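Colleague: Submitted below is the structure of interest, expressed as structure tokens.
No lab work stands behind these numbers, since they all come straight from the coordinates. From a predicted model like this one, the values you see are computed outputs, not experimental measurements. When we count neighbours, we look across all protein chains shown, and the Cβ atoms used for this are built from the backbone with ideal geometry, even at glycine.
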Amino acid sequence: MADETNTPVFQIQRMYLKDLSLEQPNSPQILLEQTQPQVDINLALAAEGVADGIFEVSVTATVTTKVGDKTLFLIEAKQAGIFEIRNLPQEQVEGILGIVCPQMIYPYLRAVVSDVCTRAGFPPVLLSEVNFQAMFEAQQAQREAAAAAPTIN
């Protein structure tokens, strides 16, 4: 019988919508505006250990839509997943948490944001595809540059 204690494990335990917020602070007056709104989209990633070999990874999208200086609507959605990751080197775990898990979560987040826009009475905001590997590599490079930078005492 094979020794399974060192077998690498990667499993999705659960995907879920962790947080969702829709605000229309200037309704109904702003809904009468005919001006094309400006849309600003920000993404954030988070990963944390919740138990031995169990991690929660979340992707948050903040969509701010304005007409002039007034907010038409603001959506903040956080989609999360619980993943089991065991018996892998730490650098591989970091890559899985920063690239693979967000890639699995993001399609659900895109659907939620689009659906909330539609249900709020607006055309859907379609979040573009994201290259999580490039994002992860850029964050790694920033960390390495910050670690190499001289400190001033």
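Colleague: Among (1) in contact (Cβ under 8 Å) with a residue 60 or more places away in the chain; (2) within 22 Å of PHE136 (Cβ to Cβ), where does CYS101 come up short?
Modeller: Of (1) in contact (Cβ under 8 Å) with a residue 60 or more places away in the chain; (2) within 22 Å of PHE136 (Cβ to Cβ), only one is false for CYS101: (1).
Colleague: Exactly one condition in (1) free of Cβ contacts under 8 Å to residues at least 24 places away in the same chain; (2) closer than 16 Å to THR65 by Cβ; (3) among the aliphatic types (A, V, I, L, M) is not met by VAL125; state its number.
Modeller: The number of the failed condition is (1).
Colleague: Of the residues that make up region 112-122, is at least one assigned to a strand (DSSP E or B), surrounded by fewer than 19 Cβ atoms within 10 Å (Cβ to Cβ) and touching a strand residue (DSSP E or B) at 6+ places or on another chain (Cβ under 6 Å)? It would help to see each step written out before you state the result.
Modeller: Our first condition is that a residue be assigned to a strand (DSSP E or B); within region 112-122, this holds for none.
No, because not a single residue in region 112-122 is assigned to a strand (DSSP E or B), surrounded by fewer than 19 Cβ atoms within 10 Å (Cβ to Cβ) and touching a strand residue (DSSP E or B) at 6+ places or on another chain (Cβ under 6 Å).
Colleague: Does ARG143 satisfy being surrounded by 14 or more Cβ atoms within 10 Å (Cβ to Cβ), part of a helix (DSSP H, G or I) and of a type in the set (Lys, Arg)?
Modeller: Details: surrounded by 14 or more Cβ atoms within 10 Å (Cβ to Cβ): no; part of a helix (DSSP H, G or I): yes; of a type in the set (Lys, Arg): yes.
No: the conditions fail for ARG143.
Colleague: Within region 81-94, is there a residue that is in contact with a Leu (Cβ under 6 Å, 6 or more places away or on another chain) and buried (at least 17 other Cβ atoms within 10 Å of the Cβ)? Please lay out each step first, then the result.
Modeller: As a first pass, look at region 81-94 and keep what is in contact with a Leu (Cβ under 6 Å, 6 or more places away or on another chain): none.
No, region 81-94 contains no residue that is in contact with a Leu (Cβ under 6 Å, 6 or more places away or on another chain) and buried (at least 17 other Cβ atoms within 10 Å of the Cβ).
Colleague: Could you check TYR108 against (1) free of Cβ contacts under 8 Å to residues at least 60 places away in the same chain; (2) assigned to a helix (DSSP H, G or I); (3) of a type in the set (Phe, Trp, Tyr); (4) closer than 30 Å to GLN24 by Cβ and say which number it fails?
Modeller: Evaluating TYR108 over (1) free of Cβ contacts under 8 Å to residues at least 60 places away in the same chain; (2) assigned to a helix (DSSP H, G or I); (3) of a type in the set (Phe, Trp, Tyr); (4) closer than 30 Å to GLN24 by Cβ leaves (1) as the failure.
Colleague: Can you tell me which residue in region 86-105 is nearest to the chain's Cα centre (by Cα), limited to those that are within 19 Å of ASN6 (Cβ to Cβ) and in a helix (DSSP H, G or I)?
Modeller: Here is the first cut: in region 86-105, the ones within 19 Å of ASN6 (Cβ to Cβ) are 86-93, 96.
Applying the additional criterion that residues be in a helix (DSSP H, G or I) yields 90-93, 96.
On the way: GLN90: 22, GLU91: 21, GLN92: 20, VAL93: 18, ILE96: 14 Å.
Checking each candidate, the answer is ILE96.
Colleague: Step by step: first the residues of region 2-41, then only those that are under 21 Å from the mean Cα position of the chain (by Cα) and among the hydroxyl-bearing types (Ser, Thr, Tyr), then the one that is surrounded by the most Cβ atoms within 10 Å (Cβ to Cβ). Which residue is that?
Modeller: Looking at the filtered set, the residue picked out is TYR16.
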